[in-house]
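Contents: one structure, followed by commentary.
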Amino acid sequence: MSVQSFPEGFLWGTATASYQVEGSTRADGRGESIWDRFAADGHVWNGESGEPACDHYRRWPEDVALMRELGIPAYRFSIAWPRVFPAGSGRPNPAGLAFYDRLVDGLLAAGIEPTATLYHWDLPQALQEKGGWADRATAWRFQEYVSHVFERLGDRVKLWITQNEPWVAAFLGHARGEHAPGLHDLPTAVRVSHHLLLSHGLAVQAFRQMGMTGRIGITLNLHAYAPASGAAEDLEAMERVRTLDGRWFLDPLFRGSYPAGALAWYRDRGAQPAVEPDDMDLIAQPGDFLGINYYTRHVVALDPNDPLTGTRVLPPQGPATEMGWEVHPQGLRQVLRWVHAEYLQPRQAAQAGLSRSPSAHAGEPGVSGGASDRFEKHRSPWNNPLPLIITENGAAYPDRLVEDAEGLRVHDPERIAYLEGHLREARQAIEEGVPLAGYFAWSFMDNFEWALGYSRRFGLVYVDYATQRRIPKKSALWYREVIARNGLPG
Ligand code: NCW
């Protein structure tokens, strides 16, 4: 059979996040998080919460064994800040970090590359009470927390993600009120977005100062866009929303400034980031990779009634997932190419023009980029100065458990088609010169889908919540083949 191969060294994985899978929200001294509070206040579908989720806190050995069986080379998990610092700062809780210590050792023993996200939305509630991410000081509390984590796990974790989807944390959490802490205040959301970026910069700074040998980057959620019509106003709406969502984070990270149009848009609405001297330099420090979560395309129309962006996203015309998100694999390639051309290439050109790079790791990736043996072995694509990694991509469908002659099964052809379509586009982007180094499917298993509770299943592995039994879906078996071949059937 012919195979459409991925580059040697391409990193295949699956992803989860602490609050979505762990459960045990009160075990071993864990503090309350903003999501515990948001759920307790009744903001989640059907009154659900992250308890017990997938009971991953206790069942992780079984989960790691299953990953191994499924041939998954890397596992992206997130660390719950309230386990490590129950009050957000001050005294660390040794039992909290001990959990991640065991998990990391268990993964390595199974030959699985641990990939840690430092913030996937579960802020300690104690810090929320002091202002949360709207308070600049939270970025420094984050730096203390992550420094402690680097100290303890940095000898074994070689791939780190600072912030997951800061747009979602800032705007869904503080302007749209759909996520914790459930605020409806645009000026707060804009302040928060700056402090999230600042916290990323402070984490990178600590990572470098501590001489860590892994790689660190941030993960953004990026959509593809199309205008609802050829009318100038829809084109303008599309560009505006691309700027408010994507460029709002990419420009500070890669160019050291917020986009002027977005600043003006927010200023007209009484909102602005509280930028202090040196903030932008901290934020723009080069990372070692950029993580991209891609799920869908937004077809955008002007909508003067929308107070936040003055636009709206049209309902999908074609196939959509159970999230109501349009299935648009071509958009993944568009996003990868766009980020590469608009942000990665200009930065590399600028760095090539400097006689000495300001960053210790930028010149000789794969050498000073410091990598585990797994990465060291491979020359490509990890030796690109700034590779991209798809840190999430996947789909929710209404999966049903069926019993046939072979036992319990979940047939999920739509998810397989979704993943295959997106992987074909990712591979095409690589052919076209995009330095894509890895792909993590969201998610390893069904889990707590935030405000939608357990009503959406993104997993490659089905979770029967009544028994906590795990049943690999057909898509998991399909993914195992893709990984084993390092490619798709031709
Ligand atoms: S909700 C969301 N997700 C899902 C979640 O399970 C995961 O933790 C996240 O990283 C799957 O991937 C991410 N993202 C929120 C996107 C919301 C888009 C809303 C657009 C409104 C205009």
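The values are calculated or read from the model by the stated rules, or taken from the named source; none is laboratory data. These numbers were taken from a predicted model, which means no experiment stands behind them. For neighbour counting, all protein chains shown are included, and Cβ atoms are generated from backbone atoms with ideal geometry for every residue, glycine included. Note: areas computed on protein heavy atoms with side chains; ligands, DNA, RNA excluded. Shrake-Rupley method; radii C 1.70, N 1.55, O 1.52, S 1.80 Å.
Give, as a single signed number, the net charge of other residues whose beta carbon lies under 13 Å from the beta carbon of His174, with Lys and Arg counted +1 and Asp and Glu -1. Can you show the working numbers first?
Values: positive: Arg176, Arg191; negative: Asp135, Glu178, Asp185.
Summing Lys and Arg as +1 and Asp and Glu as -1 gives -1.
If you stretched the chain out fully between Ala231 and Val275, how much longer would it get, using 0.36 nm times the residue separation minus the C-alpha to C-alpha distance? Kindly include the intermediate steps, with their values, before the conclusion.
On the way: separation 44, 0.36 × 44 = 15.84 nm, distance 3.59 nm.
Full-extension gain reported as 12.2 nm.
Please list, in order along the stretch 147-164, the HN-Hα scalar couplings obtained from phi with the Karplus expression 6.51 cos²θ - 1.76 cosθ + 1.60 (θ = phi - 60°), rounded to whole Hz, x for Gly and Pro.
In residue order, the calculated couplings are 4, 5, 5, 4, 4, 8, 10, x, 6, 10, 8, 10, 10, 10, 10, 6, 10, 9 Hz.
For the chain, what relative contact order do you get, as a whole percent, if you take Cα pairs closer than 8 Å and at least 6 residues apart?
On the way: 1007 pairs, mean separation 90.5, N = 490.
Taking the mean separation of contacting Cα pairs over the length of the chain, I get 18 percent.
Quick one: ranking Met67, Met212, Met1 by accessible area, 1.4 Å probe, largest first, what do you get? Working shown, then result.
Numbers: Met67 0, Met212 40, Met1 165 Å².
Correct descending sequence by accessible area is Met1, Met212, Met67.
Report the local net charge at Glu342: Lys and Arg +1, Asp and Glu -1, summed over other residues whose C-beta lies under 11 Å from its C-beta.
Summing Lys and Arg as +1 and Asp and Glu as -1 gives +4.
With a 1.4 Å probe and every protein chain left in place, tell me how much accessible area Glu276 has, in Å² to the nearest 10.
Near enough 90 Å² of accessible area.
Using the Cα centre of the chain as origin and beta-carbon charges of +1 (Lys, Arg) and -1 (Asp, Glu), tell me which of Met212, Ala437, Leu423 is placed farthest towards the positive end of the dipole.
Met212
For the chain, with every protein chain kept in place, what is the accessible area per residue (1.4 Å probe, Å²)? Working shown, then result.
On the way: 18140 Å² over 490 residues.
Value returned for the chain: 37 Å² of accessible area per residue.
Whole Å is fine, so just give me how far the alpha carbon centre of the stretch 282-321 lies from that of the stretch 422-490.
For the stretch 282-321 versus the stretch 422-490, the Cα centre distance is 21 Å.
Sorting Ser18, Ser257, Ser147 by accessible area (1.4 Å probe), largest first, what list results? Show your work: numbers first, answer last.
On the way: Ser18 5, Ser257 55, Ser147 30 Å².
From most accessible down to least: Ser257, Ser147, Ser18.
Answer rounded, prolate or oblate for the stretch 191-277, using the Cα gyration tensor with square roots of eigenvalues a ≥ b ≥ c: rounded when a/c is under 1.5, else prolate when a/b is larger than b/c, else oblate.
Values: a/c = 3.65, a/b = 1.81, b/c = 2.02.
Taking the square roots of the gyration eigenvalues as a ≥ b ≥ c, the stretch 191-277 is oblate.
How large is the accessible surface of Trp325 in square angstrom, using a 1.4 angstrom probe and rounding to the nearest 10?
Around 80 Å² of this residue is reachable by solvent.
Hey, can you grab everything whose amide H is under 5 Å from the amide H of Arg215? Only 5+ residues off in sequence or another chain; H modelled, so Pro and N-termini drop out.
Distant-sequence amide H within range of Arg215: Leu159, Trp160.
Please work out the C-alpha center-to-center distance from the stretch 62-76 to the stretch 124-138 and express it in whole Å.
Cα centres, the stretch 62-76 to the stretch 124-138: 35 Å.
Helix-only estimate, please: 222 nm mean residue ellipticity of the chain, summing -39500 (n - 2.57) across DSSP H runs of length 4 or more and dividing by its residues, to the nearest 500.
Numbers: 17 runs with 176 residues, N = 490.
Result for the chain: -10500 deg cm²/dmol, rounded to the nearest 500.
For the stretch 280-339, rounded, prolate or oblate, judged on the Cα gyration tensor with a ≥ b ≥ c (square roots of eigenvalues), a/c < 1.5 rounded, else prolate if a/b > b/c?
Values: a/c = 2.82, a/b = 1.40, b/c = 2.01.
It comes out oblate by the Cα gyration axes.
How high is the relative contact order of the stretch 423-481, given as a whole-number percent (alpha carbon pairs under 8 Å, six or more residues apart)? Let's see the in-between values first.
On the way: 56 pairs, mean separation 12.3, N = 59.
Reported as a whole number, the value is 21 percent.
Read phi for every residue in the stretch 71-87 and hand back ³J(HN,Hα) as whole Hz from Karplus 6.51 cos²θ - 1.76 cosθ + 1.60, θ = phi - 60°, with x for Gly and Pro.
Couplings: x, 8, x, 9, 10, 9, 10, 10, 9, 7, 3, x, 7, 7, 10, x, 9 Hz.
With the full set of protein chains in place, find how many percent of the accessible area of the chain is carbon and sulfur; take the probe as 1.4 Å. Let's see the in-between values first.
On the way: 9010 of 18140 Å².
Ligands and nucleic acids excluded, carbon and sulfur give 50 percent.
Rounded to the nearest 20 Debye, what is the dipole magnitude of the stretch 3-489 about its Cα centre when Lys and Arg each give +1 and Asp and Glu each give -1 at the C-beta? Working shown, then result.
Values: 48 positive and 59 negative charges, 161 e Å.
Dipole about the Cα centre, nearest 20: 780 debye.
Determine the shape class of the chain: with a ≥ b ≥ c the square roots of the Cα gyration tensor eigenvalues, call it rounded for a/c under 1.5, and otherwise prolate if a/b is greater than b/c, oblate otherwise.
Rounded shape, in that the Cα axes give a/c under 1.5.
Compute the signed sum of charges (Lys and Arg +1, Asp and Glu -1) over the other residues within less than 11 Å, Cβ to Cβ, of Ser89.
Values: positive: Arg91, Lys130, Arg141; negative: Glu144.
It works out to a net charge of +2.
Apply the Karplus curve 6.51 cos²θ - 1.76 cosθ + 1.60, θ = phi - 60°, to the phi angles in the stretch 323-339 and return the couplings in whole Hz, x for Gly and Pro.
The phi angles translate into 6, x, 8, 4, 7, 9, x, 4, x, 5, 5, 4, 5, 4, 5, 5, 5 Hz.
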